[in-house]
1. So, of the residues in segment 218-243 that are in contact with an Asp or Glu (Cβ under 9 Å, 6 or more places away or on another chain) and part of a strand (DSSP E or B), which turns out to be surrounded by the fewest Cβ atoms within 10 Å (Cβ to Cβ)?
2. In segment 396-514, which strands (runs of 3 or more DSSP E) lie fully inside it and hold 3 or more residues that are modelled with pLDDT of 80 or more?
3. Could you check segment 267-302 and list, in sequence order, the residues that are in contact (Cβ under 8 Å) with a residue 40 or more places away in the chain, assigned to a loop (DSSP other than H, G, I, E, B) and within 17 Å of the chain's Cα centre (by Cα)?
4. Quick check: anything in segment 571-582 closer than 24 Å to GLU598 by Cα and of a type in the set (Gly, Ala, Ser)?
5. If LYS276 satisfies all but one of (1) at pLDDT 90 or above; (2) assigned by TED's automatic domain parsing to the domain that holds PRO368; (3) touching a His at 6+ places or on another chain (Cβ under 9 Å), what's the number of the condition it fails?
6. Regarding segment 154-169, can at least one residue be identified that is outside any loop (DSSP other than H, G, I, E, B) and hydroxyl-bearing (Ser, Thr, Tyr)?
7. Check off (1) outside any helix (DSSP H, G or I); (2) more than 27 Å from LYS505 (Cα to Cα) for GLU598 and give me the number that stays unchecked.
Amino acid sequence: MIKRKRDEVGGLLTEEGAAYIVASELGVDLKEEDALKTEINIRDLVPGVNDVSISGRVFLVYPVQLFTRQDKTTGKVARLVIADRTGMLDVVLWDDKTDLVSQGKIVQNRIIQFLHGYVREGLNGKLELNIGVRGNLIVDPPSIKPEKFPEVKEFFKKIAEISENDYHVNIIGCVWRIFPSTTFRKVTGQTGQVIRLQLADETGRIVVVFWNEKVDEIKEVKKEDCLQIMGGRVAKGFNGRLEIHVEKRSQITILTEKTLLPIPLPLKLIKIAALKTGMSDVNVLARVLNVGPVREFVRKAGEIGHVTTLIVRDETGNVRLSLWDAHAEIANKIKSGDIVLIEGAYTKESFGAIDLNLGKVGLLTLNPQITQAAILPQAEEETMQIAQLKQGMANVTIEGDIVNAPFFREVVTMGGETVPVASFTLRDQTGEIKASMWRRLADSIRDLSVGSRIKIKNAYVKVGLAEELELSSGTLTTIEVLSKTSATTPSSQLIIEGAAPQRKKIASLREGEDVEVHAVISEVLQKPCVHLVCPKCLKKLEKLGENWSCDQCGVVTKPSVRLVVEVVLDDGTGVVNAIFFGRQAEEVLNMPIEKAREIVNQTRNECAPLRWISEELIGMEIVIIGKTTFNRTTNKMQLIVKEARLATKLET
């Protein structure tokens, strides 16, 4: 009778389960009958409970796994996830109780009755029902009505309903984007793989991350295919947005029903002028102005990365766009004038300007067929005037004349790299600005002299230590020489547009003037001369725990070092304090910042570099070009030095 009962239900009963049913049909009073009458709901379970009977609908089934016990015997284990009206529960089947899983008799949507189980807390802190030697299970028991249990589809969520309070979720969505796959080295030394898709339904979109063997399961998936994800883990991505991670215990089904295609969500484009620091999942449509070379770098973990920088523009402005790793590899296909659709980018602030970045969760489409492309301006160069420049501007083009001989020096960056820098003053018909050209650009102007006319393209504007605007080069900056003046041509023969600073006596100085002063250094003020400053705005820093604080930029972890020297000038009509910053301070002290810092560290005296040179400076007759400002603390006028030189015999 027991065998016949098993055959009647297609072998979906263990022998013990079939025996209990036969006994019940014959009216035999067994203890098992009492267990059937005392089934509880999933939500009522607590750790440590033994001899539990419970029923539920199968939600997930995992393959049987083999393991070796301490006594060297082989064991078997299989996991299920079941649900009733009160919740979901992990079920662990041991040894011969896994046979129905191996035979394919336990599948999704079946009703299972579990007998004589015990409840424990799993490694993830969630409750698990274990069915071991004393336990039993019955597939589709005739005494239990299936409608008592929720359908599997009731445990699925729409994308917009997912929250960070969800641990595991089940969704159905269609592939909206496919990002490049990557490989990585696990701590075990093995190679892993990961790929990201963006799934969409009628309520929204979400990034789904597939790990290791799950990558192989979707390798044939293409855009607009529909996927069913069960048991995906919810986590926050690096950009703070929720993601679903599909791991070993998650299940993927590629659906064929095209009726599941979501209503297309409109692509929300952001104008470049509206970009702010800290934005994520940014979509921008822009035209390419310039494309930089692909650069290789080494990450902290030792991995090799690649990046290339573009300048792109829409009708509201332009921005620097950095393409990272896989995106950088297609840079050789992009040229000036192309249109790019950037999806899933993020913004960061760099030297006071907003940069756009496209990383592994972003997408680039070259020359998309999109109606908004018609309003994009052509890739034409726009030359600005110096008077139009403002702090934080990036990718600006300026044309002007070199008004002083370029000063060359070497600087050690925060990364420990020694690079050449050339600094000079550029003038057009509207004003002057200090320009600093780095690396290869410093070498490109070595043969240029005063009066040479140049065009600097794709530079950015920052505030220097003297709180005046400076023009600085970046990765995409280029210099075009429009005309050269021979280095032997007397400077008196150079005709440069714009008014030169007015030569004035100290007694007649007024606030806010650009002046030239001829005076003698009467005193070198013994003040700390080596200062830690913010690398972005060059303002002084205050110690904040292990880091530093900038009033303008906030917490600074890696400060820059700047030299500041203050002297007293006397021209017979009065005296004024003149302050030398950065390059000018290095010139007047006749030592680089690195040497000054070394002296301070050796002597533990912040004024020591000044004492080495004070005797040589006092009495020196110099000509200074600078801007007058009023010091509210001392209630005196002071002169911020732009350029300084020794007075010639004709000027004495």
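The values are calculated or read from the model by the stated rules, or taken from the named source; none is laboratory data. The structure displayed is predicted, hence computed values, not measured ones. Because the Cβ atoms are built from the backbone with ideal geometry, glycine has one as well, and the counts that use them run over all protein chains shown.
1. Selected residue: LYS236.
2. Result: 396-402, 418-428, 431-438, 453-463, 469-472, 478-483.
3. Within segment 267-302, LEU275, LYS276, THR277, GLY278, MET279, SER280, ASP281 qualify.
4. So far as segment 571-582 goes, yes, one or more of its residues are closer than 24 Å to GLU598 by Cα and of a type in the set (Gly, Ala, Ser).
5. Only one criterion is unmet by LYS276, namely (3).
6. Scanning segment 154-169 turns up no residue that is outside any loop (DSSP other than H, G, I, E, B) and hydroxyl-bearing (Ser, Thr, Tyr).
7. Just one mismatch for GLU598, condition (1).
Residue-by-condition table, conditions (1) at pLDDT below 90; (2) touching a strand residue (DSSP E or B) at 6+ places or on another chain (Cβ under 8 Å); (3) part of a strand (DSSP E or B):
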site: ILE613; (1), (2), (3): yes, yes, no
site: GLY626; (1), (2), (3): yes, yes, yes
site: LEU639; (1), (2), (3): no, yes, yes
site: ALA644; (1), (2), (3): yes, yes, yes
